[in-house]
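Only one structure is covered here, and it is reproduced in the block below.
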Amino acid sequence: MDVDVHCTICGSSEARRCARCHSAAYCSLECQQTDWRTHRLLCAKFSEQAQGSFASRPSPTHYLAISFPMDKTRPSLVWVDTKKDNYEVEPYFHPVLDQLLHIPGNKYIGRDLRQVRGNVLRGRPSTQDTLNLWFLDPDVPPRNITTNKAIHGTIPTLIGDTWGEFIWKGPVVAVMRKGTGFEPRHSTDITLTAYRDCHRLPGLL
């Protein structure tokens, strides 16, 4: 068993990392099979990106994130740049999401944010870092917005047969912030355990 690694599905400390991506962990075949339908969508791609300690990183300010495109049938791993906020006294780096959270035909699109710092339902009440899920402001819907196919696609994607009545519209991006303070100031690479934790929000996983 790996030291200080908890099962992605049940939170057990007696877990081993996925042999391929090393980004999720399971204590049993049952837990691994429970996660496989969603995990398989990004496992191989994560393994490719993680080679050589993320040697494919475009720059020191880029971090791995997960994009849920509005018009694609599955999520994808993307490198997201970060930009320093010049108005903050202490260094604060914003994820640059303009290209990912954009719908053609709109000059301005409002954004909303949900944060996840643990997953009680999966036996992990707290996490080392904070999952930030960015999406379009539902109170000011932009033109040409449609249901998110990467979340509600016809193939067995994230939620398929397991979610409730909430319908996600427009693109969604999951990024990881380092630490669990009120508002973590730096980004870090997302994990596939965090990918599973997206389900803390209505309609995901």
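Taken together, the values in this text are just the output of simple stated rules run on the coordinates, not laboratory data. These figures come from a predicted structure and were not determined experimentally. Please note: Cβ atoms are built from the backbone with ideal geometry, for glycine as well, and neighbour counts cover all protein chains shown.
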> If you plug each phi of region 78-85 into the Karplus form 6.51 cos²θ - 1.76 cosθ + 1.60 with θ = phi - 60°, what whole-Hz ³J(HN,Hα) values come out, in order, with x for Gly and Pro?
Replying inline: 9, 8, 10, 6, 10, 10, 5, 7
> Straight-line reach from K169: which aspartates and glutamates have a Cα under 13 Å away, not including same-chain ones fewer than 8 places off?
Replying inline: D71, D112, D137, D139
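Let me know the Kirkwood hydrodynamic radius for the chain, please, with Cα pairs as the basis and the value in Å to one decimal.
Working: mean 1/r = 0.0568 Å⁻¹.
Computed over the chain, the radius equals 17.6 Å.
Sequence gap at least 6, Cα distance under 8 Å: using those rules, report the relative contact order of region 52-200 to the nearest whole percent.
29
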> Could you give the Stokes-Einstein D for region 1-114 in µm² per second, using the C-alpha Kirkwood radius, 20 °C, 1.002 mPa s?
Replying inline: 128
> Under the rule of -39500 (n - 2.57) per DSSP H run of 4 or more residues, summed and divided by the residues of the chain, what mean residue ellipticity at 222 nm is obtained, to the nearest 500 deg cm²/dmol?
Replying inline: -4500 deg cm²/dmol
> Label-point separation (nm) for S56 and W79, each offset 7 Å from Cα along Cα-to-Cβ?
Replying inline: 1.0
